[in-house]
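The values are calculated or read from the model by the stated rules, or taken from the named source; none is laboratory data. Everything quoted here is computed from the prediction, not taken from an experiment. Quick reminder, even Gly has a Cβ in these numbers, built from the backbone with ideal geometry, and neighbours come from all protein chains shown.
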Amino acid sequence: HEDTSLEFIASNLDILATILPERLLKPQVGIVCGSGLSTLAASFRERIEVPYSSLKGFGISTVHGHKSALAFGLVGPGDGVPVVAMLGRFHAYEGHSLSTVVYPVRVMARLGVKDIIITNAAGSLDPALPVGTIVSIRDHLALPNLTGFNPLLGPAKPQYPRFLPLSTAYSHSLRRTVFLAAHELGLPSSTLGEGTYAWVSGPTYESPAEGRFLRAAGASVVGMSTVPEVLAAKEEGIEVCVLSLVTNFVVVPDGYRSVREEVEAELAGRPLPPVPQVEVSHEEVLAIGKEKGEVMRSLVEKMIELLGKS
Ligand code: HPA
(Lines give C-alpha, C1' and ligand atoms only; values in the text may rest on other atoms or scores of the structure.)
Protein backbone atom coordinates (compact mmCIF):
# COMPACT_ATOMS: atom_id res chain seq x y z
CA HIS A 1 0.00 0.00 0.00
CA GLU A 2 2.72 2.42 1.07
CA ASP A 3 4.64 2.07 -2.21
CA THR A 4 1.59 2.56 -4.40
CA SER A 5 0.02 5.37 -2.40
CA LEU A 6 1.82 8.16 -4.27
CA GLU A 7 0.55 6.81 -7.60
CA PHE A 8 -2.94 6.45 -6.11
CA ILE A 9 -2.87 10.04 -4.94
CA ALA A 10 -1.82 11.27 -8.38
CA SER A 11 -4.65 9.35 -10.05
CA ASN A 12 -7.12 10.71 -7.47
CA LEU A 13 -6.12 14.23 -8.43
CA ASP A 14 -6.88 13.32 -12.06
CA ILE A 15 -10.25 11.76 -11.11
CA LEU A 16 -11.23 14.77 -9.00
CA ALA A 17 -10.26 17.17 -11.79
CA THR A 18 -12.89 15.50 -14.00
CA ILE A 19 -15.61 15.75 -11.30
CA LEU A 20 -15.06 19.11 -9.63
CA PRO A 21 -15.29 22.65 -10.95
CA GLU A 22 -12.05 24.63 -10.77
CA ARG A 23 -13.11 26.65 -7.70
CA LEU A 24 -13.63 23.48 -5.61
CA LEU A 25 -10.48 21.72 -6.73
CA LYS A 26 -8.00 23.49 -4.45
CA PRO A 27 -9.46 23.35 -0.93
CA GLN A 28 -7.74 25.57 1.62
CA VAL A 29 -9.20 23.92 4.71
CA GLY A 30 -9.72 20.22 5.41
CA ILE A 31 -12.20 18.87 7.92
CA VAL A 32 -12.39 15.40 9.45
CA CYS A 33 -15.89 14.59 10.73
CA GLY A 34 -16.04 12.51 13.89
CA SER A 35 -18.75 10.09 15.06
CA GLY A 36 -22.18 11.61 14.53
CA LEU A 37 -20.61 14.80 13.10
CA SER A 38 -21.06 14.23 9.35
CA THR A 39 -23.50 17.19 9.36
CA LEU A 40 -20.44 19.47 9.51
CA ALA A 41 -20.59 19.50 5.70
CA ALA A 42 -24.36 20.02 5.50
CA SER A 43 -24.15 23.75 4.80
CA PHE A 44 -21.29 23.73 2.27
CA ARG A 45 -22.34 25.75 -0.78
CA GLU A 46 -22.07 24.02 -4.19
CA ARG A 47 -21.40 20.79 -2.28
CA ILE A 48 -20.20 17.81 -4.25
CA GLU A 49 -19.75 14.47 -2.50
CA VAL A 50 -17.30 12.00 -3.96
CA PRO A 51 -17.67 8.49 -2.51
CA TYR A 52 -14.42 6.89 -1.33
CA SER A 53 -15.35 3.93 -3.56
CA SER A 54 -14.86 6.07 -6.67
CA LEU A 55 -11.35 7.05 -5.54
CA LYS A 56 -8.17 4.99 -5.23
CA GLY A 57 -6.46 3.86 -2.05
CA PHE A 58 -9.29 4.62 0.38
CA GLY A 59 -10.45 2.01 2.86
CA ILE A 60 -14.11 1.34 3.67
CA SER A 61 -15.41 2.90 6.87
CA THR A 62 -17.32 0.24 8.76
CA VAL A 63 -18.44 2.20 11.80
CA HIS A 64 -22.13 2.89 12.31
CA GLY A 65 -22.65 6.68 12.21
CA HIS A 66 -19.85 7.25 9.69
CA LYS A 67 -20.39 7.87 5.95
CA SER A 68 -17.76 7.15 3.28
CA ALA A 69 -17.19 10.18 1.06
CA LEU A 70 -15.19 13.34 0.55
CA ALA A 71 -17.42 16.44 0.50
CA PHE A 72 -16.15 19.47 -1.40
CA GLY A 73 -17.74 22.92 -1.18
CA LEU A 74 -17.49 26.57 -0.23
CA VAL A 75 -17.91 28.07 3.25
CA GLY A 76 -18.48 31.67 4.26
CA PRO A 77 -19.65 34.86 2.56
CA GLY A 78 -18.55 36.22 -0.83
CA ASP A 79 -16.64 33.75 -2.97
CA GLY A 80 -16.28 31.58 0.12
CA VAL A 81 -13.36 29.45 1.23
CA PRO A 82 -12.97 26.17 -0.69
CA VAL A 83 -13.00 23.23 1.72
CA VAL A 84 -12.94 19.45 1.73
CA ALA A 85 -14.42 17.23 4.44
CA MET A 86 -13.95 13.55 5.17
CA LEU A 87 -17.38 12.13 5.91
CA GLY A 88 -16.28 9.00 7.68
CA ARG A 89 -12.76 8.28 8.85
CA PHE A 90 -10.76 5.10 9.31
CA HIS A 91 -9.73 3.65 12.65
CA ALA A 92 -7.07 1.12 13.52
CA TYR A 93 -9.69 -0.86 15.47
CA GLU A 94 -11.56 -1.60 12.20
CA GLY A 95 -8.49 -3.55 11.11
CA HIS A 96 -7.12 -0.77 8.89
CA SER A 97 -3.38 -0.25 8.77
CA LEU A 98 -2.27 3.11 10.11
CA SER A 99 -1.16 4.07 6.60
CA THR A 100 -4.77 3.57 5.44
CA VAL A 101 -6.00 5.59 8.44
CA VAL A 102 -3.87 8.60 7.47
CA TYR A 103 -4.11 8.22 3.68
CA PRO A 104 -6.99 10.74 3.20
CA VAL A 105 -4.95 13.38 5.04
CA ARG A 106 -2.13 12.82 2.54
CA VAL A 107 -4.63 13.23 -0.31
CA MET A 108 -5.81 16.50 1.28
CA ALA A 109 -2.21 17.70 1.50
CA ARG A 110 -1.72 17.04 -2.23
CA LEU A 111 -4.95 18.95 -2.96
CA GLY A 112 -3.34 21.96 -1.28
CA VAL A 113 -5.02 21.97 2.15
CA LYS A 114 -3.20 24.41 4.48
CA ASP A 115 -5.24 24.00 7.68
CA ILE A 116 -7.06 20.93 8.96
CA ILE A 117 -9.81 20.83 11.56
CA ILE A 118 -10.09 17.33 12.97
CA THR A 119 -13.16 16.53 15.05
CA ASN A 120 -13.98 13.52 17.17
CA ALA A 121 -16.25 12.19 19.88
CA ALA A 122 -14.41 11.59 23.13
CA GLY A 123 -14.93 10.47 26.70
CA SER A 124 -14.14 13.00 29.43
CA LEU A 125 -11.74 12.26 32.28
CA ASP A 126 -12.07 15.75 33.78
CA PRO A 127 -15.13 16.83 35.79
CA ALA A 128 -14.55 20.40 34.48
CA LEU A 129 -15.36 19.07 30.96
CA PRO A 130 -18.91 17.71 31.20
CA VAL A 131 -20.88 15.93 28.45
CA GLY A 132 -21.63 18.32 25.57
CA THR A 133 -18.45 20.40 26.00
CA ILE A 134 -16.31 21.03 22.91
CA VAL A 135 -12.65 20.66 23.88
CA SER A 136 -9.95 22.48 21.90
CA ILE A 137 -7.05 20.03 22.05
CA ARG A 138 -3.64 21.45 22.95
CA ASP A 139 -1.60 18.26 23.35
CA HIS A 140 -1.88 14.50 23.23
CA LEU A 141 -0.90 11.40 25.10
CA ALA A 142 -0.55 8.52 22.66
CA LEU A 143 0.32 5.29 24.43
CA PRO A 144 0.32 3.38 21.10
CA ASN A 145 2.97 5.79 19.74
CA LEU A 146 5.14 5.25 22.80
CA THR A 147 4.97 1.49 22.39
CA GLY A 148 5.76 0.89 18.72
CA PHE A 149 2.46 1.66 16.97
CA ASN A 150 3.00 4.92 15.08
CA PRO A 151 1.77 5.76 11.56
CA LEU A 152 5.14 7.30 10.71
CA LEU A 153 7.14 4.10 11.36
CA GLY A 154 9.02 3.05 8.25
CA PRO A 155 11.98 3.93 6.07
CA ALA A 156 12.95 7.62 5.97
CA LYS A 157 11.51 9.56 3.04
CA PRO A 158 13.42 12.50 1.61
CA GLN A 159 10.35 14.75 1.50
CA TYR A 160 9.62 14.34 5.23
CA PRO A 161 11.59 15.04 8.42
CA ARG A 162 12.80 11.80 9.99
CA PHE A 163 12.23 12.84 13.60
CA LEU A 164 9.09 14.95 13.66
CA PRO A 165 8.83 17.31 16.65
CA LEU A 166 5.40 17.41 18.30
CA SER A 167 5.74 20.30 20.75
CA THR A 168 3.94 22.52 18.22
CA ALA A 169 1.64 19.86 16.75
CA TYR A 170 -1.52 21.67 17.85
CA SER A 171 -1.31 25.04 16.09
CA HIS A 172 -1.33 27.92 18.56
CA SER A 173 -2.72 30.19 15.88
CA LEU A 174 -5.65 27.85 15.11
CA ARG A 175 -6.35 27.38 18.83
CA ARG A 176 -6.68 31.16 19.03
CA THR A 177 -9.04 31.05 16.04
CA VAL A 178 -11.26 28.55 17.92
CA PHE A 179 -11.81 31.00 20.77
CA LEU A 180 -12.11 34.04 18.49
CA ALA A 181 -14.79 32.19 16.49
CA ALA A 182 -16.63 31.18 19.68
CA HIS A 183 -16.56 34.82 20.78
CA GLU A 184 -17.99 36.01 17.45
CA LEU A 185 -20.78 33.43 17.75
CA GLY A 186 -21.51 34.50 21.31
CA LEU A 187 -21.13 30.90 22.57
CA PRO A 188 -21.28 30.69 26.37
CA SER A 189 -17.77 30.10 27.75
CA SER A 190 -18.88 26.80 29.33
CA THR A 191 -19.43 25.41 25.78
CA LEU A 192 -15.72 25.32 25.09
CA GLY A 193 -12.78 23.91 27.07
CA GLU A 194 -9.11 23.13 26.47
CA GLY A 195 -7.36 19.87 27.15
CA THR A 196 -5.12 16.95 26.32
CA TYR A 197 -6.38 14.03 24.18
CA ALA A 198 -5.37 10.49 25.04
CA TRP A 199 -5.34 8.17 22.03
CA VAL A 200 -6.18 4.53 22.69
CA SER A 201 -6.52 1.87 20.00
CA GLY A 202 -10.00 0.70 21.05
CA PRO A 203 -12.40 -0.89 20.20
CA THR A 204 -12.94 -1.53 23.91
CA TYR A 205 -13.82 1.43 26.09
CA GLU A 206 -11.49 1.98 29.02
CA SER A 207 -11.57 -0.18 32.11
CA PRO A 208 -11.92 1.85 35.33
CA ALA A 209 -8.22 1.33 36.13
CA GLU A 210 -7.25 2.51 32.63
CA GLY A 211 -9.45 5.58 33.04
CA ARG A 212 -7.75 6.40 36.36
CA PHE A 213 -4.35 5.81 34.78
CA LEU A 214 -5.01 8.18 31.85
CA ARG A 215 -6.42 10.84 34.16
CA ALA A 216 -3.40 10.57 36.48
CA ALA A 217 -1.12 10.82 33.45
CA GLY A 218 -2.61 14.18 32.51
CA ALA A 219 -5.23 13.35 29.88
CA SER A 220 -8.45 15.39 29.83
CA VAL A 221 -10.36 13.32 27.25
CA VAL A 222 -9.86 9.94 25.60
CA GLY A 223 -10.74 8.60 22.17
CA MET A 224 -9.88 6.06 19.48
CA SER A 225 -8.97 8.32 16.54
CA THR A 226 -7.35 11.62 15.53
CA VAL A 227 -3.73 11.24 16.66
CA PRO A 228 -2.61 9.29 13.55
CA GLU A 229 -4.23 11.98 11.36
CA VAL A 230 -2.55 14.73 13.40
CA LEU A 231 0.86 13.12 12.87
CA ALA A 232 0.40 12.74 9.11
CA ALA A 233 -0.92 16.31 8.78
CA LYS A 234 2.02 17.67 10.75
CA GLU A 235 4.42 15.63 8.63
CA GLU A 236 2.77 17.09 5.51
CA GLY A 237 3.25 20.62 6.85
CA ILE A 238 -0.47 21.26 7.48
CA GLU A 239 -1.55 23.40 10.46
CA VAL A 240 -3.65 21.25 12.81
CA CYS A 241 -6.67 22.02 14.96
CA VAL A 242 -8.50 19.32 16.93
CA LEU A 243 -11.96 19.70 18.44
CA SER A 244 -13.29 16.90 20.66
CA LEU A 245 -16.95 16.70 21.55
CA VAL A 246 -17.42 15.16 24.99
CA THR A 247 -20.10 12.50 24.50
CA ASN A 248 -19.77 10.66 27.80
CA PHE A 249 -17.93 10.67 31.07
CA VAL A 250 -15.41 7.87 31.44
CA VAL A 251 -16.40 5.69 34.37
CA VAL A 252 -13.61 6.34 36.87
CA PRO A 253 -14.76 5.32 40.36
CA ASP A 254 -12.43 6.39 43.17
CA GLY A 255 -11.98 2.81 44.29
CA TYR A 256 -13.59 -0.61 44.47
CA ARG A 257 -16.17 -1.77 46.96
CA SER A 258 -15.12 -5.01 48.56
CA VAL A 259 -17.45 -7.79 47.47
CA ARG A 260 -16.26 -9.79 50.51
CA GLU A 261 -17.65 -7.03 52.77
CA GLU A 262 -20.83 -6.89 50.70
CA VAL A 263 -21.45 -10.64 51.06
CA GLU A 264 -20.51 -10.72 54.76
CA ALA A 265 -22.82 -7.77 55.52
CA GLU A 266 -25.64 -9.52 53.68
CA LEU A 267 -25.06 -12.77 55.61
CA ALA A 268 -25.08 -10.79 58.88
CA GLY A 269 -28.50 -9.37 57.95
CA ARG A 270 -27.18 -5.80 57.32
CA PRO A 271 -27.06 -5.58 53.49
CA LEU A 272 -25.13 -2.64 52.01
CA PRO A 273 -26.86 -0.36 49.45
CA PRO A 274 -26.40 -1.65 45.90
CA VAL A 275 -23.60 -0.21 43.74
CA PRO A 276 -24.91 1.22 40.44
CA GLN A 277 -23.44 -0.58 37.39
CA VAL A 278 -22.65 2.13 34.81
CA GLU A 279 -21.62 1.45 31.20
CA VAL A 280 -20.92 3.71 28.20
CA SER A 281 -22.50 2.85 24.82
CA HIS A 282 -21.91 3.83 21.19
CA GLU A 283 -25.59 4.89 20.96
CA GLU A 284 -25.01 7.45 23.71
CA VAL A 285 -21.95 8.74 21.84
CA LEU A 286 -23.93 9.15 18.59
CA ALA A 287 -26.89 10.79 20.36
CA ILE A 288 -24.73 13.54 21.86
CA GLY A 289 -23.05 14.02 18.47
CA LYS A 290 -26.49 14.58 16.96
CA GLU A 291 -27.57 16.91 19.75
CA LYS A 292 -24.42 19.06 19.73
CA GLY A 293 -23.50 18.67 16.06
CA GLU A 294 -24.99 22.05 15.22
CA VAL A 295 -22.79 23.90 17.73
CA MET A 296 -19.73 22.13 16.35
CA ARG A 297 -20.84 22.99 12.80
CA SER A 298 -21.32 26.70 13.53
CA LEU A 299 -17.95 26.84 15.30
CA VAL A 300 -16.09 25.11 12.45
CA GLU A 301 -17.83 27.33 9.90
CA LYS A 302 -16.98 30.54 11.74
CA MET A 303 -13.37 29.39 12.07
CA ILE A 304 -13.19 28.83 8.31
CA GLU A 305 -14.65 32.29 7.69
CA LEU A 306 -11.96 33.80 9.92
CA LEU A 307 -9.26 31.75 8.18
CA GLY A 308 -10.53 33.04 4.82
CA LYS A 309 -9.95 36.60 6.03
CA SER A 310 -6.47 36.04 7.39
N1 HPA B 1 -13.45 6.21 25.37
C2 HPA B 1 -12.83 6.08 24.19
N3 HPA B 1 -13.32 6.58 23.07
C4 HPA B 1 -14.48 7.25 23.12
C5 HPA B 1 -15.17 7.43 24.32
C6 HPA B 1 -14.62 6.87 25.51
O7 HPA B 1 -15.19 6.98 26.61
N8 HPA B 1 -16.29 8.15 24.03
C9 HPA B 1 -16.25 8.41 22.69
N10 HPA B 1 -15.17 7.87 22.14
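Assorted remarks:
- In the set (1) under 14 Å from SER225 (Cβ atoms); (2) not in a strand (DSSP E or B), LYS56 fails one condition alone, (1).
- Given (1) exposed (fewer than 15 other Cβ atoms within 10 Å of the Cβ); (2) over 21 Å from SER124 (Cα atoms), index of the condition PRO203 fails: (2)
- Of all residue pairs spaced 6 or more apart or on separate chains, those with beta-carbon atoms under 7 Å, a first member in segment 199-213 that is of a type in the set (D, E, K, R) and a second member that is assigned to a loop (DSSP other than H, G, I, E, B) and near the ligand (Cβ under 9 Å from one of its atoms) are GLU206/VAL200; GLU206/VAL250.
- Restricting GLY211, GLY308, GLY293 to residues that are assigned to a helix (DSSP H, G or I) and under 16 Å from the mean Cα position of the chain (by Cα) narrows the list to GLY293.
- Some residue of segment 13-36 being touching a Lys or Arg at 6+ places or on another chain (Cβ under 9 Å), within 14 Å of VAL300 (Cα to Cα) and at pLDDT below 95: yes
- Summed over segment 161-208, residues that are part of a loop (DSSP other than H, G, I, E, B) and within 16 Å of the ligand (Cβ to nearest atom) total 8.
- Of all the numbered requirements in (1) basic (Lys, Arg); (2) more than 16 Å from the ligand (Cβ to nearest atom); (3) more than 24 Å from MET86 (Cβ to Cβ); (4) surrounded by 13 or more Cβ atoms within 10 Å (Cβ to Cβ), ARG260 misses one, and that requirement is (4).
- Test: residue in segment 225-237 that is at pLDDT 95 or above, under 24 Å from VAL101 (Cβ atoms), in a loop (DSSP other than H, G, I, E, B) and within 16 Å of the ligand (Cβ to nearest atom): yes
- Residue, nearest to LEU153 (Cα to Cα), within segment 189-234, restricted to residues that are in contact with a Pro (Cβ under 9 Å, 6 or more places away or on another chain) and among the polar types (S, T, N, Q): SER201
- Hits in segment 265-290 (condition: in a helix (DSSP H, G or I) and more than 16 Å from the ligand (Cβ to nearest atom)): ALA265, GLU266, LEU267
- Among all residues of segment 248-255, there is none that is under 30 Å from MET108 (Cα atoms) and of a type in the set (Phe, Trp, Tyr).
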